[in-house]
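Remarks on the structure that follows.
The values are calculated or read from the model by the stated rules, or taken from the named source; none is laboratory data. A quick note: this is a predicted structure, and the numbers were derived from the prediction, not measured. Every residue, glycine among them, receives a Cβ derived from its backbone with ideal geometry; neighbour counts consider all protein chains shown. To get the accessible areas, we keep the full protein, side chains included, count just its heavy atoms, and leave off ligands, DNA and RNA. Shrake-Rupley method; radii C 1.70, N 1.55, O 1.52, S 1.80 Å.
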Amino acid sequence: MVDKAIVELLKGVDLFSELKEEQLEQLATLVIANDFARDETIILEKDESTQALFLIASGEVKVFMTGIDGRETILALLERGDFFGEMSLIDGEPRSATVKAVTSAKLLIIRREHFLDLLKSTPELCMGLLVEMSKRLRKSNRQIGSLSTMSVYGRVAGTLLSLVEERGVRIHGTDGRMVTVIRNRPTQQQLAEMSGTTRETVSRVFSSLVKKHSISVMGKDLVILEESLLRDQDLKE
Ligand code: CMP
């Protein structure tokens, strides 16, 4: 029996947007839904035992690596509609990073052999996967570039620009001008771990950007009022 609720959840996953209803129904029979608590580890870096792909039906997770000094570097924050855990399924290597739930999360889990069979039989899925992996590689390239060439100010600004690109929503601001909103914004600690700096530095950069009317913080939303200021390499704290 096809679980219609799972089919609906699968429809919310970007990777499967090209699949037809019958393909989604078939996939639904191979998927297990599981709830994870906030802060629960889903994938552990270097682990070789868990062999599955994860799709986010609800909630948010962070993908990060831990340095020898114990500091975490966030590679990505992923949310509803995103997937993770594909790399080790494809190349057979240990898990490349740790993935932890940032909020409580409902995940759909597909076993390795089912995912690989699906990839072999569905070219649209391969293309979707390649497109998403290219996007992630581009973002990582930008991060690496900014780590070696930019000031911390530039790195924090670069992280904000990546968020604008990934999940910014254009709306009319209070004065009628168009602004970009990042809903459910990352915390300053998370932004620090995404930019290779400290929370205190992010806080300083934020104060400076607020003073320059480039951003404003409204509860859980971050509003980008003047994107061009974030791109200005000459701006200092
Ligand atoms: P895998 O290596 O199997 O397990 C950890 C997962 O984290 C990995 O697959 C990817 O899904 C995800 N991941 C690793 N690096 C990145 C990155 N730079 N950006 C986004 N996701 C990543």
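Output the number of the condition that SER151 fails; it satisfies all remaining conditions of (1) farther than 16 Å from THR73 by Cβ; (2) touching an Asp or Glu at 6+ places or on another chain (Cβ under 9 Å); (3) modelled with pLDDT of 90 or more.
(3)
The conditions are (1) assigned by TED's automatic domain parsing to the domain that holds GLN189; (2) within 15 Å of the ligand (Cβ to nearest atom); (3) in contact with a helix residue (DSSP H, G or I) (Cβ under 7 Å, 6 or more places away or on another chain), and LEU161 fails exactly one of them. Which is it?
Every listed condition holds for LEU161 apart from (2).
What number goes with the only condition from (1) closer than 18 Å to LEU191 by Cα; (2) near the ligand (Cβ under 8 Å from one of its atoms); (3) open to solvent by 10 Å² or more (accessible area, probe 1.4 Å) that ILE144 does not pass?
Condition not satisfied by ILE144: (2).
When you scan region 178-237 for strands (runs of 3 or more DSSP E) that lie fully inside it, which ones turn up with 3 or more residues that are open to solvent by less than 70 Å² (accessible area, probe 1.4 Å) and touching a residue at least 40 places away in the same chain (Cβ under 8 Å)?
Those strands (runs of 3 or more DSSP E) span 178-182, 221-224.
Checking SER146 against (1) in contact with a Lys or Arg (Cβ under 6 Å, 6 or more places away or on another chain); (2) part of a strand (DSSP E or B), only one condition comes out false. Which one?
Failing condition for SER146: (2).
Does region 79-91 hold any residues that are out of contact with any Asp or Glu (no Cβ under 7 Å at 6 or more places or on another chain) and open to solvent by less than 30 Å² (accessible area, probe 1.4 Å), and which are they?
Within region 79-91, PHE83, PHE84, GLY85, GLU86, SER88, LEU89 meet the criteria.
Of (1) in the same structural domain as GLU18 (by TED's automatic domain parsing); (2) under 25 Å from LEU225 (Cβ atoms); (3) open to solvent by less than 30 Å² (accessible area, probe 1.4 Å), LEU125 satisfies all except one. Which?
(2)
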